[in-house]
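Asker: Supplied in structure tokens, the structure appears directly below.
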Protein chains: 2
Amino acid sequence: MKDFTSPISVKRIAEPTVRRLSLYLRFLEDFEKAGRATISSGELAHVGHTTSAQVRKDLSFFGSFGKRGLGYDTGALTAQIRRILGLDRTWKVVIVGAGKIGSALAQHRGFRERGFDVVGIFDVDPHRVGYMLDGVSISDVKGLEAIVRRLEAEIAVLAVPPEVAQGIATRLSKAGVHAILDFSTEPLKVPADVTVRSMNLAMEMEILSFALANR
Amino acid sequence: MKDFTSPISVKRIAEPTVRRLSLYLRFLEDFEKAGRATISSGELAHVGHTTSAQVRKDLSFFGSFGKRGLGYDTGALTAQIRRILGLDRTWKVVIVGAGKIGSALAQHRGFRERGFDVVGIFDVDPHRVGYMLDGVSISDVKGLEAIVRRLEAEIAVLAVPPEVAQGIATRLSKAGVHAILDFSTEPLKVPADVTVRSMNLAMEMEILSFALANR
DNA sequence: CCTAGATTGTGAAGGATTTCACAAGCCCCA
DNA sequence: TGGGGCTTGTGAAATCCTTCACAATCTAGG
């Protein structure tokens, strides 16, 4: 789980900044759909539960996209944030694990809609191998490395039992995957050039529990 | 999405601290299973990718649980963190939305194992209402408030389409739910005494995309 | 009982992120 | 063309979080 360094620009971008950019993007798309031509940092802040200064600071790391006195051009800012987040292209994604969660994800509309192209699905269970999920057939996880390499998949979604998650993560790293979205509970150890994000249900529930217990 | 204040103790606990406590707990359980009687902040730090000072500082907000020169008693510390996180009891959980994600969650073992008791499941689709999921029958979402109140559910998991998420969140808040785990993409507006955590797949994918695009 | 070795608990320092506050710049209208 | 009203972009201040560093204290062993 590493690193949010920018390539040429020496500055390191904080994770909360990236998270907020993703939020802003969502709002901008709404505003665009609603036909708003320009938007101010204050309006963006309002819907995003933050401050206008925060919005401007976040954007300032990447350039100056607004017009003083006016705000931001909705379409232009949308495009800029898309570019910043690397969403001005599609990414090839493989899903490992075609159980409950894996197959729910594979059929998830929002994936393709947002430029994440599911090109491969893997499972160990021979009963599942060969079946199609949303247009992609399930492959035997034995062939993971070869297929990932051939497809040139860049992102992997890991929806396997926790006992095998680490092993798969290592194999994915070796096969050239540099980004993993992990649904298992234990943190993964991966090479420094691999980014891991965890969707840890247990942890989120425990944070809620803490909040309730300490009201 | 609010607030990590402690009740009597005036100090506010930072979210990263709570997140790490949840991690420590997982490791402690592993260590306990492995038969380790005591554990040092350094060992805990090692598996959790942090520093021993961080571990000790995190714990220090809640008391002093260790023995100088020795470390922490594994079992005792486990119990303490459980108590801190409010995991020394069970919480009643309802799941709203019995689609792909909702039903995957309903059948998720880890839920009950960790003290989160799924007492109700709701859906709009009349074809789903009445069916059982892991021992709990699916109710019509029309009866949400009444049932939530009767069951005294404290936590809700929201796995509904984004268009209706806000509406359901409001209804849940009014029905006495103070914690929501939300799987939809748009942030929810809820009263200040309701804590919301989002598992936002799109956002996590976009953070990965950013990391890849800016390597 | 005393010393060596280990580890905690915690103020204080350091670093990172957010917020403040204001000069600079743009648009509109007279 | 010039003034008023707004909003950006950004150093500087404030706040929040992490790391440092060390006194306090424990165990074990002779």
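The values are calculated or read from the model by the stated rules, or taken from the named source; none is laboratory data. Computed from a predicted model, the values in this text were never measured in an experiment. All Cβ positions, even for glycine, are placed from backbone atoms using ideal geometry, and neighbour counts span all protein chains on display. Just the protein is used for accessible areas: all its heavy atoms, side chains included, with ligands, DNA and RNA removed. Shrake-Rupley method; radii C 1.70, N 1.55, O 1.52, S 1.80 Å.
Asker: Need the failing condition index for B:Gly35 against (1) among the small types (Gly, Ala, Ser); (2) within 13 Å of DNA strand C (Cβ to nearest atom); (3) over 23 Å from the mean Cα position of the chain (by Cα), just the number.
Answerer: Every condition holds for B:Gly35 apart from (2).
Asker: Picking from B:Arg114, B:Arg68, B:Arg109, which residue would you name as being of a type in the set (Lys, Arg) and not assigned by TED's automatic domain parsing to the domain that holds B:Met132?
Answerer: Working: B:Arg114 fails: not assigned by TED's automatic domain parsing to the domain that holds B:Met132; B:Arg109 fails: not assigned by TED's automatic domain parsing to the domain that holds B:Met132.
It is B:Arg68.
Asker: Within the range A:56-74, count every residue that is open to solvent by 30 Å² or more (accessible area, probe 1.4 Å), more than 14 Å from chain B (Cβ to nearest Cβ) and more than 8 Å from DNA strand D (Cβ to nearest atom).
Answerer: 1
Asker: All but one of (1) away from DNA strand C (no atom under 16 Å from the Cβ); (2) of a type in the set (Phe, Trp, Tyr); (3) in contact with a helix residue (DSSP H, G or I) (Cβ under 8 Å, 6 or more places away or on another chain) hold for A:Tyr131; which doesn't?
Answerer: So A:Tyr131 meets the others, but not (3).
Asker: Continuing with the same structure: Can you list residue pairs whose Cβ atoms sit under 9 Å apart, with the first residue in the range A:53-73 being in contact (Cβ under 8 Å) with a residue 12 or more places away in the chain and on the phi > 0 side of the Ramachandran plot and the second being open to solvent by 60 Å² or more (accessible area, probe 1.4 Å) and more than 9 Å from DNA strand C (Cβ to nearest atom)? Count only pairs 6 or more apart in sequence or on different chains.
Answerer: A:Gly71/A:Glu43
Asker: Just one of B:Phe116, B:Phe210, B:Phe122 is within 13 Å of chain A (Cβ to nearest Cβ), open to solvent by less than 10 Å² (accessible area, probe 1.4 Å) and more than 24 Å from A:Phe116 (Cβ to Cβ); which is it? Please lay out each step first, then the result.
Answerer: Values: B:Phe210 fails: more than 24 Å from A:Phe116 (Cβ to Cβ); B:Phe122 fails: within 13 Å of chain A (Cβ to nearest Cβ).
Answer to the check: B:Phe116.
Asker: From the list A:Val160, A:Val129, A:Val148, A:Val136, which residue is more than 23 Å from B:Leu23 (Cα to Cα) and in contact with an Asp or Glu (Cβ under 9 Å, 6 or more places away or on another chain)?
Answerer: Working: A:Val160 fails: more than 23 Å from B:Leu23 (Cα to Cα); A:Val148 fails: in contact with an Asp or Glu (Cβ under 9 Å, 6 or more places away or on another chain); A:Val136 fails: in contact with an Asp or Glu (Cβ under 9 Å, 6 or more places away or on another chain).
Selected residue: A:Val129, the only one of A:Val160, A:Val129, A:Val148, A:Val136 that is more than 23 Å from B:Leu23 (Cα to Cα) and in contact with an Asp or Glu (Cβ under 9 Å, 6 or more places away or on another chain).
Asker: Which strands (runs of 3 or more DSSP E) does the range B:98-215 wholly contain that include 2 or more residues that are touching a residue at least 60 places away in the same chain (Cβ under 8 Å) and within 18 Å of the chain's Cα centre (by Cα)?
Answerer: Details: elements: B:116-123, B:136-140, B:155-158, B:179-182, B:195-198.
So the answer is B:155-158, B:195-198.
Asker: Under 8 Å by Cβ, and 6 or more places apart or on different chains, what pairs join a residue from the range B:13-29 that is under 18 Å from A:Pro16 (Cα atoms) and among the acidic types (Asp, Glu) with one that is open to solvent by less than 30 Å² (accessible area, probe 1.4 Å) and at pLDDT below 95?
Answerer: That search, which allows pairs on different chains as well, returns B:Glu15/B:Phe4.
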